[in-house]
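Notes to accompany the following structure.
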Amino acid sequence: MFVMATAGHVDHGKSTLVRALTGTEPDRWDEEHRRGLTIDLGFAATALPSGRVVSFVDVPGHERFLGNMLSGLGPAPMVCFVVAADEGWQPQSSDHRDAVAALGIDTGLIVITRADRAPDRAQHVLEQAREELSSTGLASAPAVVVSAATGAGLDELRTALDSVLAASRPPAADGPVRTWVDRAFSVAGAGTVVTGTLAAGRLHREQRLRLVGEQVDETVVVRGLQAHGSDVDSLAAAQRAAVSLRGVDAERTGRGDVLLTPGDWHLTDTIDVRHTSGDDFSHTPQSVTVHVGTAATAARCRPFDDAHARLSLDRPLPLQIGDRVLLRTSGRRTVLAGALVLDPDPPSLRRRGEGARRADALAQTSPEGDLIGEVRRRGAVRSEALRRIGVEVPEDLPEQVRRLDGWLVEAAQVTRWSETLRAAVEKHMRQDPLSKGLSQGAAADLLDLPEPKVLIPLVAEAGLHQSAGRITAGDAERGLGPAEASIAALEQDLSRSPFHAPEAHRLAELGLGERELAAAESRGRLVRLAEGLVLLPSAPARAMRELAALEQPFTLSAARKALGTTRRVAVPLLEHLDSRGWTRRVDSSLREVVR
């Protein structure tokens with residue numbers, strides 16, 4: 001399935017050509033038949049000799065209906081550009097050429113129609129058309145001379161169409177859906193129906209989508225699907241689609257709205273763009289109309305230089321890096337300029353001189369989406385946020401980018417964060433050696449992280465440790481400041497008499513209070529059995545060796561004598577061993593070692 005729009009001056013035979021190729025009348029309105037003039041978009045499809053099916057979107061050629069023409073041409077991936085042999089290149093031919101150039105359409109063909117009326121002029125008109133289209137994507141497009149009235153050249157046209165379709169870029173069938181609505185209406189028994197070109201992705205019954213427009217932003221469900229008038233269960237790009245929806249009234253939707261796969265698109269009302277065709281931005285007025293897809297919205301243009309500008313849109317649209325937009329002014333019925341979206345999520349500009357700096361940055365910006373540049377500019381960004389604006393995020397990242405808990409961070413930024421964090425932890429511990437460590441909240445605030453969870457992998461990156469919400473430099477690197485000498489003296493006392501816990505007067509003599517003892521315990525230097533009662537960390541294991549040698553079960557008195565200690569120490573020590581599952585009570589007076 002393929003979709004192709006027509007283009008060309010009014011009354012050059014676009015609709016007649018579509019009718020001759022498809023057998024379907026593309027003009028849908030009675031007024032169009034009365035006036036012999038295409039006013040709105042028409043639709044028809046045909047199967048080519050290869051079996052490929054092409055759907056035509058027939059556009060009006062009159063200058064008064066340029067907006068309708070752009071709605072048909074905007075979502076189309078290819079174009080059939082029509083010029084009449086008897087009239088040659090005309091003013092609206094130029095308008096449509098400028099639209100093709102602005103929208104970046106580079107696939108299609110040139111058709112010289114009405115050859116029966118001026119057979120001697122056909123070759124000259126073709127050369128004229130090639131000259132006029134030389135600066136567009138159709139510069140090297142194949143060309144065919146036909147007469148819809150006599151049928152001459154139609155077989156050659158079908159063959160040329162087949163060749164163009166065969167050589168065209170395949171659509172992203174598994175990509176996210178962004179279907180611009182060109183018609184919306186209500187059908188009895190089907191409810192709200194919208195039609196548009198499915199340029200990428202897939203649609204299926206009961207699929208949940210997001211419908212966004214001037215009057216609507218709703219989650220909707222696909223109730224039914226049609227392609228070329230037939231009911232289908234699913235559709236894959238690229239083809240015309242009629243989608244019956246649940247969850248929205250037809251009165252609230254219309255041309256310019258868009259169907260999206262939820263969560264896959266960034267809605268933006270501010271875009272930074274690069275000039276691609278037409279008048280450069282030095283000639284662009286402040287107030288313009290921006291066309292993209294089937295949508296048209298008022299916008300304000302702020303030029304940064306001749307080639308780069310910022311467009312502030314009156315309504316948010318789902319745009320990505322690489323999208324093409326077309327600019328018009330309200331006072332002209334012609335195309336003003338074309339532009340390429342470089343950044344659909346640009347930084348705010350508030351200071352003097354930022355516009356010039358932004359122009360320099362945009363001049364270096366890749367139109368394909370620069371992963372390293374985008375990450376560097378944002379400092380830290382989620383992978384899905386970049387994908388939504390059209391930046392590809394590979395599984396294997398370049399060395400300049402690191403992945404931290406779902407965030408992409410410039411490698412140099414990770415290094416800076418790590419160094420800052422380590423320095424802050426070391427400073428904190430120097431200033432307060434007895435602290436349990438720098439709090440995670442303080443660390444996150446200091447680094448200005450995008451979210452606190454990024455701190456977890458960053459701590460490991462910095463070679464630090466975290467426990468109970470505190471970050472330390474590791475036990476082996478931590479001293480106890482002024483309390484170090486006293487704790488060392490206490491360790492010597494306990495190494496000589498492991499079960500003789502120091503009395504309160506000894507702790508006072510050493511200047512050790514609860515805070516100093518808690519700090520020593522957190523570093524693995526002591527084990528606290530009760531308030532003011534400490535032993536070496538090895539004491540429980542040494543006690544077990546003594547208790548295991550006793551006749552089982554044993555009493556508190558027997559344990560106290562075996563350990564050579566007092567009841568003051570023996571009771572909390574045995575309770576500590578019970579809590580670790582090394583000993584257990586048999587009854588109120590007896591315990592035994594758990595074998």
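Quick notes on this structure:
- Computed FRET value (nearest 0.05) for Ala47 with Glu354, which takes r as the C-beta separation and R₀ as 35 Å: 0.05
- Summed side-chain charge close to Thr583 - residues other than Thr583 whose Cβ falls under 13 Å, Lys, Arg +1, Asp, Glu -1: +2
- Take every pair of alpha-carbon atoms less than 8 Å apart whose residues are at least six positions apart; their mean separation over the length of the chain yields a relative contact order of 8 percent.
- Surface/4 estimate of mean projected area, convex hull on alpha-carbon atoms of the stretch 253-361, nm²: 7.3 nm²
- Using the alpha-carbon positions of the stretch 87-218, Rg (one decimal) and Dmax (whole number) come out as 19.6, 57 Å.
- Multiplying the residue separation of Asp493 and Gln552 by 0.36 nm and removing their Cα-Cα distance gives an extension gain of 18.2 nm.
- Loop-resident GluC sites (Glu not before Pro) (DSSP state other than H, G, I, E or B) in the stretch 372-443 with no more than 13 further Cβ atoms inside 10 Å of their Cβ: Glu392, Glu395, Glu399.
- Over the residues of the chain, the helix contribution to mean residue ellipticity at 222 nm works out to -9000 deg cm²/dmol, using -39500 (n - 2.57) for each DSSP H run of at least 4.
- Relative contact order of the stretch 416-555, pairs being alpha-carbon contacts under 8 Å that are 6 or more residues apart, as %: 20 percent
- The percentage of C-alpha pairs in the stretch 464-595 whose separation is greater than 23 Å is 39%.
- Net charge over other residues, Cβ less than 10 angstrom from the Cβ of Leu313 (K, R count +1; D, E count -1): 0
- Site pair Ser186 and Arg580 shows an inter-label distance of 7.8 nm when each label is modelled 7 Å from Cα along Cα→Cβ.
- Taking the square roots of 5 times each eigenvalue of the Cα gyration tensor of the chain, largest first, gives ellipsoid semi-axes of 78, 27, 19 Å.
- When every Cα-Cα distance of the stretch 232-290 is counted in 10 angstrom steps from zero, the calculated P(r) takes the values 11, 33, 30, 21, 5, 0 percent.
- Charge dipole of the stretch 418-531 about the Cα centre (unit charges at C-beta), most positive-ward option of Ala483, Ser522, Ser435: Ser522
- Quarter the surface of the alpha carbon convex hull of the stretch 314-369 and you get the mean projected area, 5.2 square nanometres.
- Simple label model, 7 Å out from Cα along Cβ direction - Asp86 to Ser589, nm: 12.6 nm
A short reminder: the numbers here are calculations on the coordinates, not readings from a lab. Given the structure is predicted, the values throughout are model-derived calculations rather than measurements. Here the Cβ is made from the backbone with ideal geometry for all residues, glycine too, and neighbour counts use every protein chain on show.
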